[in-house]
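Reviewing the structure listed below.
The values are calculated or read from the model by the stated rules, or taken from the named source; none is laboratory data. Just so we're clear, the structure is a prediction, and the values are computed from it rather than from any experiment. Using ideal geometry, Cβ is built from the backbone for each residue, glycine included, and neighbour counts are taken over all protein chains shown.
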Amino acid sequence: MQDSITLYSYFRSSASHRVRIALHYKNIPFTYKAVHLLKDGGQQHQADFKKLNPQAQVPYLIHNGKGLGQSLAIIQYLDAIFPNKKLFTEDPYQRAKILQFCEVINSGIQPLQNLMVLKKLESQFNASIEQKNSWVTDWNHHYLASLEKYLNETAQDFCFGKTVTAADCFLAAHVQSTKRYNISLNSYPTIQRICENINRLDAFIKAAPENQPDFEK
Ligand SMILES: N[C@@H](CCC(=O)N[C@@H](CS)C(=O)NCC(=O)O)C(=O)O
(Lines give C-alpha, C1' and ligand atoms only; values in the text may rest on other atoms or scores of the structure.)
Protein backbone atom coordinates (compact mmCIF):
# COMPACT_ATOMS: atom_id res chain seq x y z
CA MET A 1 0.00 0.00 0.00
CA GLN A 2 1.22 3.49 -0.87
CA ASP A 3 1.79 5.51 2.33
CA SER A 4 -0.39 8.57 2.70
CA ILE A 5 1.06 11.35 4.82
CA THR A 6 -0.45 14.73 5.62
CA LEU A 7 1.35 17.35 7.66
CA TYR A 8 -0.54 20.23 9.27
CA SER A 9 2.01 22.99 9.47
CA TYR A 10 2.58 26.72 9.54
CA PHE A 11 5.57 28.03 7.62
CA ARG A 12 6.91 29.98 10.60
CA SER A 13 6.30 27.26 13.20
CA SER A 14 9.65 25.94 14.41
CA ALA A 15 8.07 22.73 15.72
CA SER A 16 6.55 22.07 12.27
CA HIS A 17 9.87 22.98 10.69
CA ARG A 18 11.57 20.11 12.59
CA VAL A 19 9.12 17.61 11.12
CA ARG A 20 9.40 19.05 7.61
CA ILE A 21 13.17 18.53 7.77
CA ALA A 22 12.74 14.91 8.87
CA LEU A 23 10.24 14.20 6.08
CA HIS A 24 12.45 15.76 3.40
CA TYR A 25 15.59 14.14 4.79
CA LYS A 26 13.97 10.74 4.49
CA ASN A 27 12.47 11.61 1.10
CA ILE A 28 8.96 10.88 2.32
CA PRO A 29 6.31 12.46 0.09
CA PHE A 30 3.61 14.33 2.03
CA THR A 31 0.67 16.64 1.58
CA TYR A 32 1.11 20.04 3.21
CA LYS A 33 -1.93 21.52 4.95
CA ALA A 34 -1.41 25.06 6.16
CA VAL A 35 -2.85 26.15 9.51
CA HIS A 36 -2.46 29.92 9.81
CA LEU A 37 -1.67 30.60 13.46
CA LEU A 38 -2.68 34.27 13.28
CA LYS A 39 -5.43 34.53 10.66
CA ASP A 40 -9.09 34.34 11.83
CA GLY A 41 -7.97 34.49 15.45
CA GLY A 42 -5.69 31.51 14.79
CA GLN A 43 -6.93 28.62 12.66
CA GLN A 44 -5.46 26.21 15.24
CA HIS A 45 -8.45 27.14 17.45
CA GLN A 46 -11.06 26.19 14.86
CA ALA A 47 -13.30 23.26 15.79
CA ASP A 48 -12.28 21.10 12.83
CA PHE A 49 -8.60 21.35 13.68
CA LYS A 50 -9.13 20.90 17.42
CA LYS A 51 -11.05 17.72 16.69
CA LEU A 52 -7.78 16.43 15.24
CA ASN A 53 -5.44 17.99 17.77
CA PRO A 54 -7.05 19.16 21.03
CA GLN A 55 -3.78 20.96 21.89
CA ALA A 56 -4.57 23.47 19.13
CA GLN A 57 -0.97 23.37 17.93
CA VAL A 58 1.00 22.41 14.88
CA PRO A 59 2.62 20.18 13.75
CA TYR A 60 0.07 17.42 13.39
CA LEU A 61 0.74 14.42 11.18
CA ILE A 62 -1.64 11.86 9.71
CA HIS A 63 -0.10 8.64 8.41
CA ASN A 64 -2.50 6.22 6.70
CA GLY A 65 -5.38 7.60 8.78
CA LYS A 66 -3.44 7.55 12.07
CA GLY A 67 -2.90 10.96 13.69
CA LEU A 68 -0.04 12.19 15.87
CA GLY A 69 0.94 15.49 17.48
CA GLN A 70 4.21 16.65 19.12
CA SER A 71 7.21 16.93 16.82
CA LEU A 72 9.50 14.70 18.87
CA ALA A 73 6.94 11.88 18.93
CA ILE A 74 6.30 12.38 15.22
CA ILE A 75 9.99 12.25 14.30
CA GLN A 76 10.56 9.14 16.41
CA TYR A 77 7.54 7.52 14.75
CA LEU A 78 8.77 8.42 11.25
CA ASP A 79 12.20 7.04 12.12
CA ALA A 80 10.63 3.72 13.11
CA ILE A 81 8.29 3.47 10.12
CA PHE A 82 10.81 4.72 7.54
CA PRO A 83 14.14 3.39 8.78
CA ASN A 84 16.18 4.71 5.85
CA LYS A 85 18.58 7.45 6.99
CA LYS A 86 18.03 6.97 10.72
CA LEU A 87 17.68 10.11 12.83
CA PHE A 88 18.25 8.25 16.11
CA THR A 89 20.95 5.73 16.84
CA GLU A 90 20.35 2.31 18.41
CA ASP A 91 22.96 2.82 21.14
CA PRO A 92 20.88 3.62 24.26
CA TYR A 93 23.22 6.27 25.70
CA GLN A 94 23.80 8.02 22.38
CA ARG A 95 20.08 7.92 21.69
CA ALA A 96 19.35 9.47 25.08
CA LYS A 97 21.95 12.18 24.41
CA ILE A 98 20.23 13.04 21.12
CA LEU A 99 16.88 13.17 22.95
CA GLN A 100 18.43 15.29 25.68
CA PHE A 101 19.57 17.78 23.05
CA CYS A 102 16.15 17.82 21.35
CA GLU A 103 14.39 18.30 24.69
CA VAL A 104 16.43 21.37 25.59
CA ILE A 105 14.75 22.96 22.59
CA ASN A 106 11.42 21.14 22.72
CA SER A 107 10.61 21.52 26.40
CA GLY A 108 13.20 24.16 27.35
CA ILE A 109 13.39 27.13 24.98
CA GLN A 110 10.49 26.77 22.58
CA PRO A 111 7.59 26.74 25.06
CA LEU A 112 8.85 30.05 26.47
CA GLN A 113 8.63 31.73 23.08
CA ASN A 114 5.48 30.04 21.86
CA LEU A 115 2.74 32.27 20.49
CA MET A 116 0.22 31.47 23.25
CA VAL A 117 2.77 32.25 25.97
CA LEU A 118 3.75 35.58 24.40
CA LYS A 119 0.07 36.47 23.94
CA LYS A 120 -0.55 35.71 27.62
CA LEU A 121 2.38 37.90 28.70
CA GLU A 122 0.72 40.71 26.76
CA SER A 123 -2.92 40.16 27.79
CA GLN A 124 -2.36 39.30 31.44
CA PHE A 125 0.75 41.27 32.32
CA ASN A 126 0.60 44.07 29.78
CA ALA A 127 4.06 43.19 28.43
CA SER A 128 5.26 45.48 25.63
CA ILE A 129 6.92 44.22 22.44
CA GLU A 130 10.30 45.19 23.92
CA GLN A 131 9.60 43.27 27.12
CA LYS A 132 8.49 40.20 25.19
CA ASN A 133 11.61 40.36 23.01
CA SER A 134 13.80 40.69 26.06
CA TRP A 135 12.01 37.69 27.67
CA VAL A 136 12.59 35.55 24.57
CA THR A 137 16.20 36.70 24.20
CA ASP A 138 17.13 36.00 27.83
CA TRP A 139 15.64 32.51 27.81
CA ASN A 140 17.34 31.76 24.51
CA HIS A 141 20.75 32.67 25.84
CA HIS A 142 20.21 30.52 28.91
CA TYR A 143 19.49 27.45 26.82
CA LEU A 144 21.72 28.18 23.81
CA ALA A 145 24.72 28.32 26.14
CA SER A 146 23.92 24.79 27.33
CA LEU A 147 23.45 23.53 23.76
CA GLU A 148 26.82 24.98 22.80
CA LYS A 149 28.45 23.08 25.69
CA TYR A 150 26.76 19.83 24.73
CA LEU A 151 27.84 20.27 21.11
CA ASN A 152 31.43 20.84 22.09
CA GLU A 153 31.44 17.23 23.32
CA THR A 154 29.64 15.61 20.37
CA ALA A 155 29.75 17.74 17.21
CA GLN A 156 31.72 17.05 14.10
CA ASP A 157 30.09 18.10 10.83
CA PHE A 158 26.70 17.79 12.50
CA CYS A 159 25.41 17.82 16.08
CA PHE A 160 26.36 14.19 16.69
CA GLY A 161 29.26 13.22 14.50
CA LYS A 162 29.25 12.99 10.75
CA THR A 163 25.65 12.06 10.03
CA VAL A 164 22.46 14.03 10.47
CA THR A 165 20.36 13.15 13.52
CA ALA A 166 17.13 14.45 15.02
CA ALA A 167 19.27 16.96 16.94
CA ASP A 168 20.11 18.70 13.66
CA CYS A 169 16.41 18.94 12.77
CA PHE A 170 15.72 20.63 16.11
CA LEU A 171 18.76 22.90 15.97
CA ALA A 172 18.16 24.16 12.42
CA ALA A 173 14.51 24.94 13.11
CA HIS A 174 15.27 26.65 16.38
CA VAL A 175 18.11 28.78 15.06
CA GLN A 176 15.84 29.88 12.23
CA SER A 177 13.36 31.11 14.84
CA THR A 178 16.02 33.18 16.64
CA LYS A 179 16.31 35.37 13.55
CA ARG A 180 12.86 36.80 14.24
CA TYR A 181 14.15 38.19 17.54
CA ASN A 182 17.59 39.24 16.28
CA ILE A 183 19.27 37.00 18.83
CA SER A 184 23.04 37.14 18.44
CA LEU A 185 24.78 33.79 18.02
CA ASN A 186 28.25 35.30 18.43
CA SER A 187 28.87 33.41 21.67
CA TYR A 188 27.97 30.09 20.03
CA PRO A 189 30.56 29.33 17.33
CA THR A 190 29.80 25.60 17.23
CA ILE A 191 26.09 26.18 16.77
CA GLN A 192 26.88 28.60 13.96
CA ARG A 193 29.28 26.20 12.27
CA ILE A 194 26.83 23.31 12.37
CA CYS A 195 24.01 25.47 11.04
CA GLU A 196 26.19 26.45 8.10
CA ASN A 197 26.71 22.74 7.34
CA ILE A 198 23.13 21.60 7.74
CA ASN A 199 21.55 24.52 5.97
CA ARG A 200 23.44 23.57 2.81
CA LEU A 201 21.66 20.19 2.66
CA ASP A 202 18.79 19.76 0.25
CA ALA A 203 16.31 18.56 2.90
CA PHE A 204 17.00 21.57 5.10
CA ILE A 205 16.57 23.95 2.15
CA LYS A 206 13.26 22.34 1.14
CA ALA A 207 11.98 22.53 4.72
CA ALA A 208 12.86 26.21 5.25
CA PRO A 209 9.98 28.60 6.00
CA GLU A 210 10.49 30.58 2.78
CA ASN A 211 10.03 27.41 0.72
CA GLN A 212 6.61 26.48 2.14
CA PRO A 213 3.38 27.00 0.18
CA ASP A 214 1.94 29.26 2.92
CA PHE A 215 5.06 31.47 3.22
CA GLU A 216 4.39 35.17 3.73
CA LYS A 217 6.91 37.98 4.06
N1 LIG B 1 6.21 20.62 21.75
C2 LIG B 1 5.33 20.85 20.64
C3 LIG B 1 5.22 22.34 20.40
C4 LIG B 1 4.14 22.68 19.40
C5 LIG B 1 3.98 24.18 19.31
O6 LIG B 1 4.31 24.90 20.25
N7 LIG B 1 3.47 24.64 18.17
C8 LIG B 1 3.29 26.06 18.01
C9 LIG B 1 3.96 26.55 16.74
S10 LIG B 1 5.70 26.33 16.82
C11 LIG B 1 1.81 26.36 17.91
O12 LIG B 1 1.09 25.65 17.23
N13 LIG B 1 1.37 27.44 18.55
C14 LIG B 1 0.01 27.85 18.49
C15 LIG B 1 -0.32 28.83 19.56
O16 LIG B 1 0.53 29.18 20.36
O17 LIG B 1 -1.48 29.27 19.57
C18 LIG B 1 5.88 20.13 19.41
O19 LIG B 1 7.07 19.88 19.39
O20 LIG B 1 5.11 19.77 18.51
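What to note about this one:
- Among the candidates ILE105, ILE109, ILE81, residue that is surrounded by 13 or more Cβ atoms within 10 Å (Cβ to Cβ), among the hydrophobic types (A, V, I, L, M, F, W, C) and touching a strand residue (DSSP E or B) at 6+ places or on another chain (Cβ under 8 Å): ILE81
- Subset of region 1-30 [crowded, with 24+ Cβ neighbours inside 10 Å, of a type in the set (S, T, N, Q) and out of contact with any Phe, Trp or Tyr (no Cβ under 9 Å at 6 or more places or on another chain)]: SER13
- Number of residues in region 182-217 that are within 22 Å of TYR150 (Cβ to Cβ) and either of a type in the set (S, T, N, Q) or surrounded by 15 or more Cβ atoms within 10 Å (Cβ to Cβ) (or both): the value is 16.
- Residue among GLN70, GLN55 that is farther than 28 Å from THR154 by Cβ and either in contact with a strand residue (DSSP E or B) (Cβ under 9 Å, 6 or more places away or on another chain) or within 11 Å of the ligand (Cβ to nearest atom) (or both): GLN55
- Listing of helices (runs of 4 or more DSSP H) fully contained in region 125-217 that carry 2 or more residues being more than 18 Å from SER14 (Cα to Cα): 129-154, 189-198
- Contacts under 8 angstrom Cβ, first residue in region 55-80 being farther than 24 Å from ARG95 by Cα, partner among the basic types (Lys, Arg) and surrounded by fewer than 22 Cβ atoms within 10 Å (Cβ to Cβ), 6 or more apart: ALA56/LYS50
- Across region 31-42, the qualifying residues are those that are more than 10 Å from the ligand (Cβ to nearest atom) and either modelled with pLDDT of 95 or more or aliphatic (A, V, I, L, M) (or both), and the one among them that is surrounded by the most Cβ atoms within 10 Å (Cβ to Cβ) is ALA34.
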